[in-house]
Amino acid sequence: MQQSMKRISILGSTGSIGRNCLEVVRNLKNQLSIRYLSTYSNIALLIEQINEFHPCAVAICGMKPDAAIEKKMQQLEVEVGWGNEGLLTVASRSDTDVVVNALVGAAGLLPTLKAIEAGKTIALANKETLVTAGELVMQKALQKNVSIIPIDSEHSALLQCLQGERHQHIRRLILTASGGPFWQRPGGTFRDITVEEALKHPNWNMGRKITIDSATMMNKGLELIEAHWLFQVPEDRINIVIHPQSIIHSMVEFVDGSIKAQMGLPDMKIPIQYALTYPDRDTLDASRLDFARLQQLQFALPDTGRFPSLRLARNALRTGGTACAVMNAANEAAVALFLNRRISFDSIPASIEMALTTHEVLQNPSLPEISEADRWARNYVNSLHRAGKM
Ligand code: MG
């Protein structure tokens, strides 16, 4: 059957997910075409991408309008938008089918909402969108009859395991976690973990923020919340298991005790391509899993003593309201402080916990109330640091 061309917008095309996404598009040129791209501030790479993929417009969201860059964009015959407004325009233009959200952090929320309002299919790599405002986002997607297809490898695995299944037959979701670089490190030494050590992920090559989240295991906490909203499964039926080889990307257990797992080598191009071709599949020229070389798969239960982020995320999801938005924003602020060498590694979860304890949770928050909770949590964590409490 002849497929029609899917027209794609990528928010965050110069980041790790964005670049992998363009590689998928490059390999499926006859089915996928690029309409819009956006970067935070990586102009050099954006220009390379414009030359190869010829988008109609781009957004540069982390910079003020700049005459020299505008002139360059004119020569490249591409329209340019600036700041948040430029980004939101790229997220909602009418001549696209799929918006890939590969932005970092809660900054991804408004573009996701804009794209949903415009009726676009969302290919979501930005998990913070669902952590911050899962209920609002899912409601809006339902109203607009928009699909949100996960790019996150665990959630792509769950989606693949759930094909052809009924929701009432799900017994539990089992999210696998690599455990990051420290899952076997003694608890007493977490204070001394350096930025360099935390940035060395054993299996995945990713951006800085998510790599630190993997090291604290907050990434898995965020993914727990993401899975809850995407698949509408209660928190107590989502388990987390450490699986250091990252071969099984997640599993679903059904009511009859049968378990489905989705497996493959850790390569983000697989879940990205699945999201862009869903519900179809296509060939992908990538390394293949060799069971003879693999020999064994290991599993272990995560330790919430050394990784309090897992406990914090579960509690925040149970509490509901603005709790998850506060947890996410406090995490973003604390990770930035750690990356700037202002606070120690173990101060990341400690800061989040203090923010959650101090915050007065608002149930059924509106979008402005969520933004306010987010702003409050960032200020709170930064003021903890300034006051020398972290
Ligand atoms: Mg993941």
GNM flexibility winner over the chain from GLN184, GLN49, GLN245 (Cα, springs under 10 Å): GLN184
With n ≥ 4 as the cut-off for DSSP H runs, can you work out [θ] at 222 nm for the chain, using -39500 (n - 2.57) per run divided by the number of residues, rounded to the nearest 500? -14000 deg cm²/dmol
Would you mind telling me the share, in percent, of accessible area of region 6-150 contributed by carbon and sulfur at probe 1.4 angstrom? 47 percent
With the cut-off at 1.5 for a/c, could you classify region 1-127 from its C-alpha gyration tensor as rounded, prolate or oblate? oblate
Going from most exposed to least, what order do ARG19, ARG185, ARG311 have by accessible area with a 1.4 Å probe? ARG19, ARG311, ARG185
Place a point 7 Å from the Cα of ARG237 along the Cα-to-Cβ direction; which residues of region 309-334 have their backbone N under 20 Å from it? 314-320
1.4 Å probe accessible area per residue over region 117-158, in Å²: 32 Å²
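How high is the relative contact order of region 244-390, in percent, counting Cα pairs under 8 Å that sit 6 or more residues apart?
Working: 134 pairs, mean separation 28.2, N = 147.
The value is 19 percent.
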Can you tell me which of 320-329, 356-365 comes out highest on packing, and rank the rest after it, using the mean Cβ neighbours within 10 Å? 320-329, 356-365
A student applying the Cα gyration tensor rule (rounded when a/c is under 1.5; otherwise prolate if a/b is larger than b/c, oblate if not) would label region 281-323 oblate
How far apart, in nm, are the 7 Å Cα→Cβ label points at GLU135 and ASN51? 5.0 nm
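Could you give the length gained by full extension between GLU70 and LEU142, i.e. 0.36 nm per residue of separation minus their alpha carbon distance, to one decimal place? Provide the component values of the computation, followed by the final result.
Values: separation 72, 0.36 × 72 = 25.92 nm, distance 3.86 nm.
Here the answer is 22.1 nm.
Mind checking the per residue accessible area of region 320-390 for me, 1.4 Å probe, whole number of Å²?
45 Å²
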If a/c stays under 1.5 just call it rounded; otherwise compare a/b with b/c (prolate if a/b is bigger, oblate if not). Do that for the chain, with a ≥ b ≥ c from the square roots of the Cα gyration tensor eigenvalues. rounded
Report the residue, chosen from ASP290, ASP303, ASP236, that carries the largest GNM mean-square fluctuation when the chain is represented by alpha-carbon nodes joined by springs under 10 Å. ASP290
Using a 1.4 Å probe on the protein heavy atoms only, what accessible surface does ILE17 show? Give it in Å² to the nearest 10. 40 Å²
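Using alpha-carbon pairs under 8 Å, 6+ residues apart, how would you state the relative contact order of the chain in percent? Each step should come with its number before you reach the end.
Details: 695 pairs, mean separation 55.2, N = 390.
Relative contact order here is 14 percent.
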Across region 49-174, qualifying lysine pairs (alpha carbons under 27 Å, at least 8 places apart or different chains) come out at 10
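Could you please state how large a percent of the accessible area of region 320-390 is carbon and sulfur, counting protein chains only and using a 1.4 Å probe? Don't skip to the end; give the middle numbers.
On the way: 1580 of 3160 Å².
With neighbouring chains kept in place, the figure for region 320-390 is 50 percent.
Expressed as a rounded percentage, what relative contact order does region 320-390 have, with Cα pairs under 8 Å and six or more residues apart? It would help to have the intermediate numbers written out before the result.
On the way: 79 pairs, mean separation 34.9, N = 71.
49 percent.
The values are calculated or read from the model by the stated rules, or taken from the named source; none is laboratory data. If you're wondering where the values come from, they're calculated on a predicted model, not measured in any experiment. Methodologically, a virtual Cβ is constructed for each residue, glycine included, from the backbone with ideal geometry; neighbour enumeration extends over all protein chains shown. The area values use the complete protein model at the heavy-atom level, side chains included, leaving out ligands, DNA and RNA. Shrake-Rupley method; radii C 1.70, N 1.55, O 1.52, S 1.80 Å.
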